[in-house]
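Okay, structure first, notes after.
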There are 2 protein chains.
Amino acid sequence: MNDLMIPLSMESKEPIYKQIYSYIKDEIKKGRLPCGSKLPSTRVLARNMQLSRSTIEIAYDQLVAEGYLEAEPYRGYYVAQIENLYMMNSPIKKAEHHPQIAETLCLYDFSPRGIDLEQFPYRLWQKITKNILNDAKKEIFGSGMQKGDYELREAIRDYLHRARGVNCTAEQLIIGAGNEYLLLLLHQILGKNGVQVAMENPTYKQAYHVLQSLGYQIYPVLMDAYGILVSQLQKTQAEIAYVTPSHQYPLGVVMPIKRRMELLNWAMEREGRYIIEDDYDSEFRYKGKPIPSLQGVDQAGRVIYIGTFSRSIAPAIRVSYMVLPTALMERYEKEYGFYSCTVSRIEQAVLTCFLKEGYFERHLNRMRANYKAKHDLILSEMQTFPGFCVSGENAGIHLLLTSKQGILEQKLVEQALAGGVRVYGLSAYYIGEAKRREDTVVLGYANLSEQEILQGLEILRKVWKVDSFSRTNKSCDRKEGKIV
Amino acid sequence: MNDLMIPLSMESKEPIYKQIYSYIKDEIKKGRLPCGSKLPSTRVLARNMQLSRSTIEIAYDQLVAEGYLEAEPYRGYYVAQIENLYMMNSPIKKAEHHPQIAETLCLYDFSPRGIDLEQFPYRLWQKITKNILNDAKKEIFGSGMQKGDYELREAIRDYLHRARGVNCTAEQLIIGAGNEYLLLLLHQILGKNGVQVAMENPTYKQAYHVLQSLGYQIYPVLMDAYGILVSQLQKTQAEIAYVTPSHQYPLGVVMPIKRRMELLNWAMEREGRYIIEDDYDSEFRYKGKPIPSLQGVDQAGRVIYIGTFSRSIAPAIRVSYMVLPTALMERYEKEYGFYSCTVSRIEQAVLTCFLKEGYFERHLNRMRANYKAKHDLILSEMQTFPGFCVSGENAGIHLLLTSKQGILEQKLVEQALAGGVRVYGLSAYYIGEAKRREDTVVLGYANLSEQEILQGLEILRKVWKVDSFSRTNKSCDRKEGKIV
C-alpha cells in the first residue's frame, strides 16, 4: 500500500492535513482501502508527497481518533473495522451504491483483545458515579493513599481471595492505572533482583514490549501441553519468570497443578527469584474445576500477582492491581512508597461501590453466561470445520484454530480478510528467534454477537473452502511450536 | 513518641490491629497525641509490643485512610490536622471536656501543597460526567489513543498556547496519570541522553524522589534571586536540568527572562542536553507581567514542558501532560508509543468538555480571585510581623517567612504547633549536602479560608511573640542559602 496517491489542492482553503484526512476517510468508506490493509508509514508518505512528517501524523492521528485507522506499535497504521461507521453515514444506500463493499469491508473482527461492551452496566455506573459526586465531595477530591484507597484494596482482596484463592492482606495490594504502569513500578522494586526475565513463547506482546523497553534481557521459553517448559526455563539465566498460568496468552493452555509446582520450585531454588503471574482473564472458565492462582499455592513469597478490570469491566476503566510478597512490599514501602496512586479517586470510589455492593459479581455472572454461550456456539460450529483443530478453548475469551493440512496462517488471514473477516495469525505472538507455528490463527469472540459469530464463521467456511476437506480424524501436528 | 504504650486485651473479640487502631484514634481525638507529632515506626512499635509488623501496618494504614495520620515517605507517620473530624464526633462538648485541646490540636494548617477544594464545581463536574455516561457509551468504554484522546490534547494545547505561550502541536502532547508517571515515561525516552540531572536546591522533593529512585545521579544547584545559578549548573556533569521557572518550588522565585536565556543557552551548548520545565502552579500570578513558559521561548527543541490539573482543578483528578520536543517525540513514537494512556477515558472526556466549553477558564478566574484575596490578606497582615521578611509572594499559593533575628525554623515550627498552627520548615526541601537555610518557614494559604488565615496568623503573632520585635528596617540575611 506504499503507492497511495493523494490528490492535493494547494489553492483549497482546507489545510493540507485535512485534505489527506478526508481523502483517506473517503477511500475507507468507499471500501477502496479495505479493513486490515496497511497504510504507508508517515515517513514514507511524507517523503512521497514532499510534505512534513507531522502533517501526515496529524491526518493519521485524527483518523485513529475517529476509529478509521488503528495504530499498531512497531508495525504501523491499519484500516480498522468500520462497519458501524459506514452504516451510520449511509444507512440505506449501502447495498445500492457499493455492491462490492460486502466483499472488502471487515464486517466481523475476531479480535482476541475485544470484550463485549454491549453488556456494560452503563446506567448503574452512571448512578454510582452520580451518588459519589453527590456525597463524597471534598474528601474524595483530595489526594488519596499511595497504594490506592484502603476500602478498594479490601474489596479487591476479598474478591481475589474468594474467586482466585489469592492469599494476601490489603496491605500487599497496590492499585495502578493499568498493567503497564504496574510493571514500571515493579521494575523499580525488583531492581536489585536482576535484569533477566523469562517469558512464555508465544506471549502477550504488550508486556514483552514494556519489559524490553525497560532494558530487561528476555529469554523466550517454549511451551508444551501443560504450559511453560520448566526444564527449558532452568537452562536460562532468568531471575524472573512472566507467566499466564490460568489461560496462557495466546495459546490458551491452563497450567495443571503439577507444572505449577515445578514452576514454584524453580523460583525457590535460588534466592531472589520471582514469578510474575498475570491473571488477565481468569474470570472466565468453561471446563474443569477451578485451579487457584499460583499466588495462592505459593508458600515462599515468590509470586507477584497482577490482575486487571480492563477485561472484566471495560478497557476504559484503567484499573489494575498487583499483590506483592511481603519482602518486596517492605522494599516498596521503604523506597518507593512515595509514588502517588495513578487512578482517579472518583473512579476508585465508583469501583469500590461496584465491588462491595455485589454489582461486580452480578456483572461477572452475566458476562460468564454471555461468553459461555458464545464459546459453546463457536465450539459447536467447529464441528463443521473438519480441516481444523481447536485448542485453548477451556477458558478465556479466545481460541485457536490449527489447520490439519498445514495451510499457512498468512493465507488463512488473507482469505478471511477478502471475505470481510479478521482473524489473527499466531506467529505475531512469538518473540525472539524461535521457530514459529505458522498454521494457526487466533479467534476472539467476546466483542461479536452470536449472530455475528455465526455469520463470520459462515464466511470463513466459504473462503477457506472448509467443505472440500474430508472429515478425517487426522489430528494436528503438535511437534513444532508445541501447541496443545 | 517512641514510648507509646498501647494496652491490649488478648481476650477481646476485637482483633489486635483494631485495638491498636482504636486506641490511637482515641488518643488523637482526646488531644493526647497532638497534631504534627510523630508516631513510632511500625518496626519499633512492633518490636516494643512483640507483635508482627503487618499488624501495626494495618492499624496505621486504616488511620491514614481515615485521615487521622499522615504517612510521609522516608520520614514516618504523623498525626494529621483533625479539627473537622474532632468537631464532627463531639460537636458540643469539645470545650467542656477538653479545655486543653485548643492548645494542642492543629487548627490551622498552612500546607504549601493544599488547594481550596471548597470552590470545586462539584455540581458541574457531576453534570458533565452524567451527560458523558449518557451519550458516549460504547466508544468511550473501549481503549483510547496511547497519548490520550486527541480532542483533549487539542484542548490542552489551545489552553497552553493562550495562557502559557507554549508552542506545540497536539501531536507533541502526552497525557498521563500524574507527573510522576510522566517522569517514569520520560526516563525511558531520555534513556540515551544520560543519567545526570541537575535540580534547583531547595526543590520539589517528590520529583527528587522519583528521579533518585530511577537511578539518576542528581546535582543540587544553588539558587540566587533570579533562580537556578547557571554558572553553578555549568560546573556539573548534568545533561538534564529540572527547573520550576514560573514560581520556584519552594522559594517562589519567578525566573526573569535573562536567566531563562542563560539556561536555554546552557542546554544548547551541547548535543543531547534537555531542560524539564515543571510549570506546576503557573496559573496563579499576582505581580509583574506574565512571562511565557521557557518552552515558548525555546527555539532549539530543548525544553520538555510538564504541567498538571492537580492544583488548578483537584488532586483527585490525576491528569498531567507533557510536551515533548519533536526529536524526543519521534523517539517516543518509534520505541515507546505502545504504552497505553493511564488516564480513564471517562475522566478524559469530562475534562475535555470542562476545557472546551470554557468552564476551566471560568474556574481559574474564580480561583485566581479567591487566591488573590487570600494572598493580599496575608501580605497585609505581614505588616504586623516586623521580625520577618516575606519572599516568594509574587505568584503561586504559598510564600516564605524569614526571621530577621535568625530564629531557627525548628523553634518557629514547634512554637506554632504548640499553638495549633502548622507551618513548614524550609530546610526539609533541600537535597544533598548543601548548607541549608534554617531561619525560614513556608506558608501555603490555599486551603484555608480568609477567616482561618486571620486566626492562624493571630496565633503565630502570639506564640512567636512578634510584638516584642522592634519595627526595625533590618532586612534578612541573604547570604547563606541565597534566598531572595
**OP:** Over the Cα atoms of segment B:346-415, compute the convex hull volume and normalise it per residue, giving Å³.
**Re:** 126
**OP:** Could you tell me the accessible area of B:Tyr219 in Å² (1.4 Å probe, neighbours in place), rounded to the nearest ten?
**Re:** 40
**OP:** Measure nothing fancy, just the Cα-based angle from helix B:359-381's long axis to the longest principal axis of chain B, in degrees from 0 to 90, nearest 10.
**Re:** 50
Original post:
Dipole of the protein assembly as shown (Lys/Arg Cβ +1, Asp/Glu Cβ -1, origin at the Cα centre): which of B:Val423, B:Gly191, B:Ile291 lies farthest to the positive side?
Top reply: B:Gly191
Subject >> √(5λ) per eigenvalue of the Cα gyration tensor, segment B:329-484, largest first, Å >> reply: 38, 22, 14
Subject >> Buried area at the B-A interface (accessible, heavy atoms, 1.4 Å probe, summed, Å²) >> reply: 5500
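If you take the Cα atoms of segment B:414-470, find Rg, then find the Kirkwood Rh from the mean of 1/r over all pairs, what is Rg/Rh? It would help to have the intermediate numbers written out before the result.
Values: Rg = 13.3 Å, Rh = 12.8 Å.
Result: Rg/Rh = 1.04.
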**OP:** Every other copy gets compared here: list the nm distances from the B:Leu377 label point (7 Å along Cα to Cβ) to its counterparts, shortest first, one decimal.
**Re:** 6.4
**OP:** Per DSSP H run of at least 4 residues, take -39500 (n - 2.57); add these up for chain B, divide by its residues and hand me the 222 nm value, nearest 500 deg cm²/dmol.
**Re:** -11500 deg cm²/dmol
Original post:
For the protein assembly as shown, with the dipole built from +1 on Lys and Arg beta-carbon atoms and -1 on Asp and Glu ones, taken about the Cα centre, which of A:Val441, B:Leu124, B:His375 lies farthest toward the positive end?
Top reply: A:Val441
Original post:
Ordered by residue, what ³J(HN,Hα) values in Hz, to whole numbers, does segment B:145-158 give under the Karplus form 6.51 cos²θ - 1.76 cosθ + 1.60, where θ = phi - 60° and Gly and Pro are x?
Top reply: 6, 4, 7, x, 4, 4, 4, 5, 5, 4, 5, 5, 4, 4
Subject >> Per residue, in Å², the accessible surface of chain B once ligands and nucleic acids are set aside, probe 1.4 Å >> reply: 40
Subject >> Residues whose placed amide H lies under 5 Å from that of A:Asn167, excluding near-sequence neighbours >> reply: A:Gly296
**OP:** Tally up the carbon and sulfur contribution to the accessible surface of segment B:109-214 as a whole percent, 1.4 Å probe, everything protein left in place.
**Re:** 44
Original post:
What are the label-to-label distances in nm, one decimal and shortest first, from B:Gln196 to the same spot in the other copies, with labels 7 Å along Cα to Cβ?
Top reply: 3.2
**OP:** Would you work out the charge dipole size for segment B:262-321 about its Cα centre, treating the Cβ of every Lys and Arg as +1 and the Cβ of every Asp and Glu as -1, and quote it to the nearest 20 debye?
**Re:** 180
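Dipole magnitude of chain A about its Cα centre, charges +1 at Lys/Arg Cβ and -1 at Asp/Glu Cβ only, in debye to the nearest 20?
440
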Subject >> Formal net charge of residues neighbouring A:Arg157 (Cβ-Cβ distance under 11 Å; K, R +1; D, E -1) >> reply: -1
Original post:
When all alpha-carbon pairs of segment A:291-370 are counted, what percent fall beyond 18 Å?
Top reply: 57
Original post:
When the Kirkwood hydrodynamic radius is evaluated over all pairs of different C-alpha atoms of segment B:231-301, what value in angstrom, to one decimal, is obtained?
Top reply: 12.8
Original post:
Which ³J(HN,Hα) values in Hz, rounded to whole numbers, follow from the phi angles of segment A:323-340 under the Karplus curve 6.51 cos²θ - 1.76 cosθ + 1.60, where θ = phi - 60° and Gly and Pro get x?
Top reply: 9, 9, x, 3, 4, 6, 5, 5, 5, 4, 4, 6, 10, 10, x, 7, 5, 5
**OP:** Please give, to one decimal in nm, the separation of the simple spin-label points placed at B:Ser380 and A:Thr326, each 7 Å out from Cα toward the Cβ.
**Re:** 6.0
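With +1 assigned to the C-beta of every Lys and Arg and -1 to the C-beta of every Asp and Glu, and no other charges, what is the dipole magnitude of the protein assembly as shown about the Cα centre in debye, to the nearest 20?
Dipole magnitude for the protein assembly as shown comes out near 100 debye.
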Original post:
What ratio of Cα Rg to 2.2 N^0.38 Å holds for segment A:194-236?
Top reply: 1.15
Subject >> Signed unit charges on C-beta, dipole axis of segment A:298-353, positive-most listed residue A:Val303, A:Gln348, A:Phe338 >> reply: A:Gln348
Original post:
How big is the protein assembly as shown in terms of Cα radius of gyration and Dmax, in angstroms?
Top reply: 30.0, 106
Original post:
Using a label point 7 angstrom from Cα along Cα-to-C-beta, what distances in nm, from shortest up, separate B:Lys38 from the other copies?
Top reply: 6.0
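Tell me, Kirkwood radius of segment A:384-456 from alpha-carbon pair distances, in Å?
By the Kirkwood definition, the hydrodynamic radius is 13.0 Å.
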Original post:
Once label points are set 7 Å from the Cα along Cα→Cβ at both A:Thr236 and A:Asn365, what is their separation, rounded to one decimal in nm?
Top reply: 4.1
Original post:
Seen from all sides and averaged, what is the projected area of the convex hull of the Cα atoms in chain B, in nm²?
Top reply: 25.8
Original post:
How big is D for segment A:213-345, in µm² s⁻¹ as a whole number, if Stokes-Einstein is applied with the Kirkwood radius of its Cα pairs at 20 °C and 1.002 mPa s?
Top reply: 133
**OP:** Anything losing 40 Å² or more of accessible area from the isolated chain to the full protein assembly: pick those residues out of segment B:143-171, probe 1.4 Å, ligands and DNA/RNA ignored.
**Re:** B:Met145, B:Tyr150, B:Glu171
Original post:
Nearest 0.05, what FRET efficiency do B:Ser41 and A:Ser41 give at R0 = 60 Å with Cβ-Cβ as r?
Top reply: 0.65
Original post:
Taking amide H positions as placed 1.01 Å from N in the peptide plane, with prolines and chain starts having none, which residues 5 or more places from A:Arg422, or on another chain, fall under 5 Å of its amide H?
Top reply: A:Tyr108, A:Asp109, A:Phe110
**OP:** Return the sequence-ordered ³J(HN,Hα) values of segment A:255-264 in whole Hz as given by the Karplus equation 6.51 cos²θ - 1.76 cosθ + 1.60 applied to θ = phi - 60°, using x for Gly and Pro.
**Re:** 6, x, 4, 4, 5, 4, 5, 4, 5, 4
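The values are calculated or read from the model by the stated rules, or taken from the named source; none is laboratory data. Quantities reported herein were computed from a predicted structural model and do not represent experimental measurements. FYI the Cβ positions are ideal-geometry reconstructions off the backbone, even for glycines, and counts take in every protein chain you see. These area figures cover heavy atoms from the full protein model, side chains too; ligands, DNA and RNA do not enter into them. Shrake-Rupley method; radii C 1.70, N 1.55, O 1.52, S 1.80 Å.
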